[in-house]
Structure formats: structure tokens, C-alpha cells
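*Asks:* One structure coming up, written as C-alpha cells, with questions to follow.
The values are calculated or read from the model by the stated rules, or taken from the named source; none is laboratory data. This structure is a prediction, so every number in the text was calculated from the model and none was measured. Positions of Cβ are backbone-derived with ideal geometry, glycine not excepted, and every protein chain shown enters the neighbour counts.
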Amino acid sequence: MKKLLLILLFIPLSGCSQKSYNDITSSASDIQLYNLKEINLKDDNGTKIILYIPNDLENQDNTISAKNPTIAMFESYNENFDEGFNISIDKLYSKYTEEVSEKEYIEIVEKGFKQNYNGDFSFIIRGLPPAYEDVKVYSLDFDLMIDGKFFGRRVLYCKDKRLKGTSLYDSQITEYQYITLHNKRKYQFTIRSYSNIQSISSLVALMNTIAGSIKFQENDAELDPNNANAYYKRGNSKFDLKDYNGAIADYTKAIELDPNNANAYYKRGVSKAYFKDYDNACKDVKKAQSMGYDDFFNLSKSCD
């Protein structure tokens, strides 16, 4: 039965995909290295967002609404060194975002860019704010994962005409923008640096560490106590965080509410295997298979 645990540790559990993804989730040591502070946000539909940002950034007054999709903005400027830094978090809700998962959304954006625009960055520039000038789009990435979620990223350099007359106008803007879907809504995280003196390598590392700290959480108080799928999804979030005890508890609740939830049985079995509870792990995996779960990696055979 130990063979089961070895299989679980070395294969993806969510399915088989030819595309590989780059996990840029930040570690605790990365966050500590840059002395980042924890920020907890809550949008207007109860979703909690956690991220870590530089200590000197201050929260700007903001009220989210249909006309203002910005959930929060943090800024810091140093006129003595002609430097600035800001982070904005925006949310977009539309009928289109209701129809796809986060992974599908990122894949659609990638496919559209490659097929409709032939991968030409000049089409990206046309869609930017008119105030942006001297724009250079450096990269577009569609293969990122942060805390178990799929993300896309756009990197560009530019100047902003709106800053004419200020000490920041001659500073290069480095902009990293990350997008994902959560609860059928698009979330956009934009990180900007205004500086001519900070090294690109250290700046890139800092921005990726900030983005890699993004986490979405549901408000437990608002979790529907009769919704099996809600417990299953929360269990998946805990599983991704390696909170296997918490995941088992949520999968068990999902099974109590929906005894035919093969997915919950399977993931509970996987979670139990991490505690070397092989007998019960195998029972759950086999139960899931008997209910029609597609045991692609034949984990149940490892229990024989």
C-alpha cells in the first residue's frame, strides 16, 4: 500500500494535461526576505483576498462600485529619489466570466492572442490607456499558478503622460499585471514601479514575490451549511495549502451532504494517504471508482 503514497507524491491529481505550469507561489522565506506586510481585503461579494506588500505602501481611500471596480489601492512615493510604487486590485463581473473556469479563461485569452493577433504585442499596446507612451510590452505569460489558481501575466515598460510636470515623469514605469477568475469574477492585480535606479533583477523578484503571495479565501461564516459542493471546494483549497486534516473534515462534510460525491471520496482518500492511513485511503479511492470516478492513474490498483 505504500506504493499508493509514492504515486500520490509524484503525479498531478487533478488530471492529465500536456501543458506544464509554472508555480510562482511565494514561500514564507521569500516574503520575509523583502520584509513584506500582510494585507487582508474583502470585496463586495464577501471574497477575502490576502497578499503581502512592501511596508511603506499606504492604503488609499476607495469605495468599490459598478463604476469603480478597484477593490483597493496602495501607494508610496519618494520625491527625493524620483521613485514610486503602487499596487491596485480590480474586479470585473460579466456574463462572460460566468461561463468559464479560471483555467478555461486563461486558455481562451491565450488562444485569442495567438490566433487573432498572431502573438503581435502591438495589438496589446493599442488597448492600453492613451496616457501610456514609449511602451514596450516585454512578455505575456499564460502558464502561471499561484496558490493552486491559474493566472495570466503581462509585463511592460512605459512612461505616463499624466505625470508630466512631476518628478516621476522621467522615471521608467515597470508594470506587472496578473489576472485570474474567482467565483465567476475576473480579478486583476497591477503592480507598478516608478524608478530609474532600482535594478531590474531585484525589481522582478520583488514583484513576483508580491504576486506569488495572493490567496483567495471564502468567508466561512457565509458558507452554505447545506451545500456539499461548497465544502468540497473549500476542502480543495485546504488540500492545496497542505492542510490535510482540514481537507478531510470538509470532504467528509461534503459526503454527508451528498453521499454520491465521488470526487470528495477520491480526494479524501488522497488526503488520508498523506497521513499513511493506507487502509482507509484505499477504501475511499475504491469507493470513488465504484461510483464512476475516472481513476486515470489507477490508484485503486495500488491498493491491491
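*Asks:* In the list LYS238, LYS283, which residue meets the criterion of being basic (Lys, Arg), at pLDDT below 85 and surrounded by fewer than 22 Cβ atoms within 10 Å (Cβ to Cβ)? Quick ask: steps written out before the conclusion?
*Replies:* On the way: LYS283 fails: at pLDDT below 85.
Residue meeting the stated conditions: LYS238.
*Asks:* Among (1) assigned to a helix (DSSP H, G or I); (2) at pLDDT below 90; (3) not assigned by TED's automatic domain parsing to the domain that holds ARG153, there is one condition SER202 misses while meeting the rest; what is its number?
*Replies:* (3)
*Asks:* Just the residues that are over 14 Å from GLN177 (Cβ atoms) and in a strand (DSSP E or B), please, taken from the stretch 124-139. Break it down stepwise before answering.
*Replies:* Pass one, the stretch 124-139, residues over 14 Å from GLN177 (Cβ atoms): 126, 130-131, 133-134, 136.
Within the stretch 124-139, GLU133, ASP134, LYS136 meet the criteria.
One line per residue, one yes/no per condition, for (1) assigned to a strand (DSSP E or B); (2) surrounded by fewer than 17 Cβ atoms within 10 Å (Cβ to Cβ); (3) out of contact with any helix residue (DSSP H, G or I) (no Cβ under 6 Å at 6 or more places or on another chain):
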{"site": "LEU156", "(1), (2), (3)": "yes, no, yes"}
{"site": "ARG162", "(1), (2), (3)": "no, yes, yes"}
{"site": "LEU168", "(1), (2), (3)": "no, no, yes"}
{"site": "SER171", "(1), (2), (3)": "no, no, yes"}
{"site": "GLN177", "(1), (2), (3)": "yes, no, yes"}
{"site": "LEU181", "(1), (2), (3)": "yes, no, no"}
{"site": "ARG192", "(1), (2), (3)": "yes, no, yes"}
{"site": "ILE197", "(1), (2), (3)": "no, yes, yes"}
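*Asks:* Also, I was wondering about something else. Select from the stretch 150-172 the residues that are at pLDDT 90 or above and either acidic (Asp, Glu) or within 26 Å of the chain's Cα centre (by Cα) (or both) and list them in ascending order.
*Replies:* Matches in the stretch 150-172: PHE150, PHE151, GLY152, ARG153, ARG154, VAL155, LEU156, TYR157, CYS158, ASP160.
*Asks:* Could you give every pair whose Cβ atoms fall below 6 Å, whose first residue belongs to the stretch 61-84 and is aliphatic (A, V, I, L, M), and whose second residue is modelled with pLDDT of 65 or more and assigned to a loop (DSSP other than H, G, I, E, B), counting only separations of at least 6 or pairs across chains?
*Replies:* ILE64/ASP44; ILE71/ASP43; MET73/GLN60
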